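The values are calculated or read from the model by the stated rules, or taken from the named source; none is laboratory data. These figures come from a predicted structure and were not determined experimentally. When we count neighbours, we look across all protein chains shown, and the Cβ atoms used for this are built from the backbone with ideal geometry, even at glycine.
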Amino acid sequence: IPLDENSSFLRGSAKAPPLILDAFRSDASNMYAENGFNCGDSGKVKNFGNLQLTAGKAAMDSIQKVVSKALNLNQKVVSLGGDHSITFPIIQAYSQSYSDLNILHIDAHPDLYDNFENNP
């Protein structure tokens, strides 16, 4: 999810998704999880590519709609990308699909502000 317009410091996290995938596919790693699951199996894992996003609320709405659509098809979603703001619409989508949703949030600096520089 290439979005970094809400970064409170440096921008650049919008460039992360393809770089993460390049590292994932590099010769320095392998495609297997610890349990033997082949993460490169195109029948089980699908890359939907970068979302084409506009700015502001429209971007958040797009993220939520895409994640909701995948969840409605009983797909699991792994998102790569942007700044911390992409998390909220993802959680919104999950909360619509799972009424008993629990979130374990681990982050060195979670950036949990009610309002930061007039950007809620």
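Scoring Ser26 on the criteria (1) more than 21 Å from Tyr94 (Cα to Cα); (2) part of a helix (DSSP H, G or I) leaves a single failure, condition (2).
Within the range 4-39, the set of residues being over 15 Å from the mean Cα position of the chain (by Cα), surrounded by 10 or more Cβ atoms within 10 Å (Cβ to Cβ) and either under 27 Å from Leu73 (Cβ atoms) or among the aliphatic types (A, V, I, L, M) (or both) comprises Ala23, Phe24, Arg25, Met31, Tyr32, Phe37, Asn38, Cys39. Of the residues making up the range 40-87, those that are touching a helix residue (DSSP H, G or I) at 6+ places or on another chain (Cβ under 8 Å), outside any helix (DSSP H, G or I) and surrounded by 13 or more Cβ atoms within 10 Å (Cβ to Cβ) are Asn50, Leu51, Leu53, Val77, Ser79, Leu80, Gly81, Gly82, Asp83. For the range 35-86, a residue qualifies if it is of a type in the set (S, T, N, Q) and under 17 Å from Gly12 (Cα atoms), and the qualifying residues are Asn50, Gln52, Thr54, Ser79, Ser85. Pairs are defined by a Cβ separation below 9 Å, a sequence spacing of at least 6 or placement on different chains, a first member in the range 87-114 that is closer than 21 Å to Ala14 by Cβ, and a second member that is basic (Lys, Arg) and at pLDDT 90 or above; the pairs so defined are Pro89/Lys65; Ala93/Lys65; Ala93/Lys69.
Looking only at residues of the range 16-62 that are in contact (Cβ under 8 Å) with a residue 40 or more places away in the chain and of a type in the set (A, V, I, L, M), we find that the one that is farthest from Asp4 (Cα to Cα) is Leu21.
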